[in-house]
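The values are calculated or read from the model by the stated rules, or taken from the named source; none is laboratory data. Being a predicted model, the structure only gives us computed values, none of them experimental. Note that each Cβ is placed from the backbone with ideal geometry, even for glycine, and that neighbours are counted across all protein chains shown.
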Amino acid sequence: MKQDLIAILDLGSDKNAALARQIRAEGVYSEVYPGNISPDELNAKPNLKGVIFCTDGKSQYTGTVSVPTLMAAPDAFDGDNFTPDTLRSFLFTDCQCEKNWNMENFIADQVELLREQIGDGHVILALSGGVDSSVVAALLIRAIGKQLTCIHVNHGLLRKGEPEQVCQVFRDELDADLVYIDAEERFLSKLSGVSDPEQKRKIIGEEFIRVFDDEAAKLTDAKFLAQGTIYPDIVESGTHSGKSVKAHHNVGGLPEDVQFELVEPLKYLFKDEVRACGKALGLPDSMVYRQPFPGPGLGVRCVGAITKDRLEAVRESDAILREEFDKAGLCGKVWQYFTLIPDFKTVGVRDNNRCDEWPVVIRAVNTVDAMTATIEPLDWELLGRITDRIVHEVPGVNRVLYDITPKPTGTIEWE
Ligand code: XMP
């Protein structure tokens, strides 16, 4: 192991994650463990340099954690108790930590751990092309190469160029064993005539699992399933009072007779660290810094019952919007931006003739947690350029609208 470790024992604080971040910001690796972790388990952690008992500040800790011998351990902290100075003094004077938490060391450690866990076993991974699954794939390829099989299910609701990019990066550049499933027709036929948004989501989610199951079942020697679980997923499930850090996992939908062991190398990384890891592994910026994209994809941006022509129009207009945002230097500055198409047509005029065509709506929002959002005040000239391109390049679209509604009252997506 290349990095020193500070263990945070969760005794009911809601500040564990923030404290881990603060410690990592000092260049020292830190992980949160359930408050009732056994001393043996704790002792077995390589390079453990110190333990912090993190309480909620109200309840008095009365558990039975005993600190490994010769370990630096401050008294119970309520998570707010560390000032930067006391934290530094604890880390570097009491615990004698070295500042050795960085991506190169993290990757080297994970490669070692993954090889240890997997041995000569086989791993499968659902590779969506999103940041987390892409970084997991790249890390596993580094560790075990062809012992990993990536399954990319193209449900036909991805953005323009995304399935191609997944194949190019992973198959061509990283030489991954990649199974590409073109399931567009299968999804579209299941979704045909379905207009209720939640029903659409349910169909897309269930069908995705079914397609993945079918492929996974073919790989009979696969013992492991890799997942792009990241630290915020773990925090949500809670580490207090011995709740398993894996309790939130739902491998539901996988064939019942197949028991996979989970492989989750990113489970202690925050999102920005996941991106840094992806960059260090050589993934392209367009993949590592890509904006959030919903699981049901363009399916929820083709408002109402999905039709192939409207889906294509959403995909094309979205590609134009992204291209123009890129040229205007807005990528990475605006949190989420996309187009959508409502399920009605409006009257317009094209080549001196009346035309009944769809409107395209532009959405561009900024947010911290997606619970509330403000709109990005876009430049009129930019909006004009985008509009001109969309109405001339996207078949069936004669009008472009810009949704200036913040959340609330408007949600970010239209359905
Ligand atoms: P709303 O529309 O609720 O969206 O304001 C908030 C954020 O969540 C994303 N979103 C989804 N993500 N599956 C996802 O993985 C979904 O069904 C889904 N619906 C919305 C949305 O893109 C925005 O970032």
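Listing for the model above:
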item	result
The stretch 292-315, residues that are out of contact with any strand residue (DSSP E or B) (no Cβ under 7 Å at 6 or more places or on another chain), among the aliphatic types (A, V, I, L, M) and away from the ligand (no atom under 16 Å from the Cβ)	ALA305
Among (1) over 20 Å from GLU413 (Cα atoms); (2) small (Gly, Ala, Ser); (3) not assigned by TED's automatic domain parsing to the domain that holds ARG201, the one test that ALA280 misses	(3)
Those strands (runs of 3 or more DSSP E) lying entirely in the stretch 116-227 with at least 3 residues of a type in the set (Asp, Glu) and out of contact with any Gly (no Cβ under 7 Å at 6 or more places or on another chain)	none
Single residue of GLY129, GLY121, GLY145, GLY156 found to be surrounded by fewer than 16 Cβ atoms within 10 Å (Cβ to Cβ) and either touching a residue at least 40 places away in the same chain (Cβ under 8 Å) or not assigned by TED's automatic domain parsing to the domain that holds PRO265 (or both)	GLY121
Check on ASP356, surrounded by fewer than 17 Cβ atoms within 10 Å (Cβ to Cβ), assigned to a helix (DSSP H, G or I) and away from the ligand (no atom under 16 Å from the Cβ)	no
So VAL51, is it among the hydrophobic types (A, V, I, L, M, F, W, C), crowded, with 19+ Cβ neighbours inside 10 Å and modelled with pLDDT of 90 or more	yes
VAL397 in contact (Cβ under 8 Å) with a residue 12 or more places away in the chain and β-branched (Val, Ile, Thr)	yes
Count of residues meeting criterion [within 19 Å of GLN291 (Cα to Cα) and near the ligand (Cβ under 9 Å from one of its atoms)] in the stretch 401-415	6
Search result, residues across the stretch 363-394 that are surrounded by fewer than 15 Cβ atoms within 10 Å (Cβ to Cβ) and closer than 21 Å to GLY297 by Cβ	ALA370
Options VAL314, VAL258, VAL251, VAL245: the member that is outside any strand (DSSP E or B), modelled with pLDDT under 95 and crowded, with 21+ Cβ neighbours inside 10 Å	VAL245
In the stretch 279-291, the residues that are away from the ligand (no atom under 16 Å from the Cβ) and either in a loop (DSSP other than H, G, I, E, B) or closer than 14 Å to GLU393 by Cα (or both)	LEU281, GLY282, LEU283, PRO284
LEU340 under 26 Å from the mean Cα position of the chain (by Cα), part of a strand (DSSP E or B) and either within 16 Å of the ligand (Cβ to nearest atom) or not charged (D, E, K, R) (or both)	yes
